[in-house]
């Protein structure tokens, strides 16, 4: 466990849990957890960060969950533990706990993942998506139109994901491949659970997404509305703006 404490009096403690940082964080997605914890602290809250490893006790009292990308072998290694904690994860999602799941964990939060080798990994069914591995990789910078504004990131996946009827995407693709390179959707979003293929990592370049997650977590943690600090994000804004201009003009 690590704890980040604000400079002044704390407005409350927000507990973050990172799922499987060894097996499912090979594309730098640990940066999302670090960026989120830092932003929690900057908003004046205490960030308590826990790593969840296979076989460990699960913090079902967490206020915010994150997960990252991994290879098919990594997904297979966490499957047994997901069977154990899956009921708690589904209950937390239904209850409105905010979650951000990237790439491999996004796939496992869906209904199923069909590997290139023919193995079928059942998912948690939190997001109504189905993924099939294929020989084509979707790689490159991405720009999305989302409820949070223009979101940028970098995709690197061979899984082709299809949304179920009525499943909302995280965003609409303005540039890049997205879920499958065909329907111009990227990711999925149900309640306060977001799944996405965007690495980068996603949150440092898109602090407005961080703030949306933190707002829900802060209210759950304290029982009071989110009390944001007035934060400046010039580097993130410049980086995001440059990528948007480069990709979509």
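The values are calculated or read from the model by the stated rules, or taken from the named source; none is laboratory data. Quantities reported herein were computed from a predicted structural model and do not represent experimental measurements. As a convention, Cβ positions derive from the backbone with ideal geometry for all residues, glycine included, and neighbour counts pool all protein chains shown.
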Odd one out for residue 248 among (1) under 21 Å from the mean Cα position of the chain (by Cα); (2) more than 22 Å from residue 8 (Cα to Cα): (1)
field: Count of residues meeting criterion [buried (at least 19 other Cβ atoms within 10 Å of the Cβ) and under 21 Å from residue 239 (Cα atoms)] in region 150-190
entry: 13
Considering residues of region 12-34 that are part of a loop (DSSP other than H, G, I, E, B) and out of contact with any strand residue (DSSP E or B) (no Cβ under 8 Å at 6 or more places or on another chain) only, the residue nearest to residue 102 (Cα to Cα): 26
task: Could you check residue 91 against (1) part of a loop (DSSP other than H, G, I, E, B); (2) under 23 Å from residue 122 (Cβ atoms) and say which number it fails?
output: (1)
- prompt: If you scan region 5-26, which residues turn out to be at pLDDT below 95, touching a helix residue (DSSP H, G or I) at 6+ places or on another chain (Cβ under 7 Å) and farther than 23 Å from residue 83 by Cβ?
  reply: none
- line: When region 104-142 is checked residue by residue, the ones that are closer than 30 Å to residue 235 by Cβ, surrounded by 23 or more Cβ atoms within 10 Å (Cβ to Cβ) and in contact with a strand residue (DSSP E or B) (Cβ under 6 Å, 6 or more places away or on another chain) are 105, 106, 142
- prompt: How many residues, within region 104-150, are in a loop (DSSP other than H, G, I, E, B), modelled with pLDDT under 95 and either closer than 18 Å to residue 81 by Cβ or within 16 Å of the chain's Cα centre (by Cα) (or both)?
  reply: 2
Yes/no for residue 30 being modelled with pLDDT of 95 or more and either touching a helix residue (DSSP H, G or I) at 6+ places or on another chain (Cβ under 9 Å) or surrounded by fewer than 24 Cβ atoms within 10 Å (Cβ to Cβ) (or both): no
Index of the failed condition, residue 85 passing every other in (1) modelled with pLDDT of 95 or more; (2) assigned to a helix (DSSP H, G or I); (3) in contact with a strand residue (DSSP E or B) (Cβ under 6 Å, 6 or more places away or on another chain): (3)
message: For region 35-75, give me the residue count where each residue is free of Cβ contacts under 8 Å to residues at least 40 places away in the same chain, part of a helix (DSSP H, G or I) and either crowded, with 20+ Cβ neighbours inside 10 Å or in contact with a strand residue (DSSP E or B) (Cβ under 6 Å, 6 or more places away or on another chain) (or both).
response: 2
Yes/no for residue 23 being farther than 17 Å from residue 198 by Cα and either more than 17 Å from the chain's Cα centre (by Cα) or surrounded by fewer than 20 Cβ atoms within 10 Å (Cβ to Cβ) (or both): no
- request: Kindly indicate whether residue 99 is touching a residue at least 12 places away in the same chain (Cβ under 8 Å) and either out of contact with any helix residue (DSSP H, G or I) (no Cβ under 8 Å at 6 or more places or on another chain) or more than 22 Å from residue 199 (Cα to Cα) (or both).
  value: no
